[in-house]
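Each value in this text was obtained by applying a stated rule to the coordinates, not by laboratory testing. Keep in mind that this is a model prediction, so the values were computed, not measured. FYI the Cβ positions are ideal-geometry reconstructions off the backbone, even for glycines, and counts take in every protein chain you see.
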Amino acid sequence: MPSQKIQEILNELDSLMNKERKYIELVATVEYLLNLVEPSKREKLKEALYDAESIEDVYELIKAIKLLLGLQGARKYVLSSSE
């Protein structure tokens, strides 16, 4: 069994890896969602992703993309139902 000091270091590394893993998963999610966004809006959203400084920033970006996708869907629905 590792000493107390070694165990603390291992726990700290594990915590750091979990945070990084979550960040990577979120970035992959945003990249996927960006493919669903209108091309005219993608570049600005990509810039926002690269400027994100924390996991919370990425969560906020995901919320914004979901709203944008909802607007796109509503716009398509309205346009298709009026024809």
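General observations
- About the Cα centre, charge dipole magnitude for the chain (Lys/Arg +1, Asp/Glu -1 at Cβ), debye: 380
- Whole-number D in µm²/s for region 4-81 (Stokes-Einstein; Kirkwood sum over Cα pairs; 20 °C, 1.002 mPa s): 148
- Among the lysines of region 4-81, pairs at least eight places apart or on separate chains and with Cα atoms under 24 Å apart come to 19.
- In a DSSP loop and with at most 12 other Cβ atoms within 10 Å, the GluC sites (Glu not before Pro) in region 31-75 are Glu53.
- Dipole axis of the chain (+1 Lys, Arg; -1 Asp, Glu on Cβ), positive-most option in Ser40, Ser81, Leu10: Ser81
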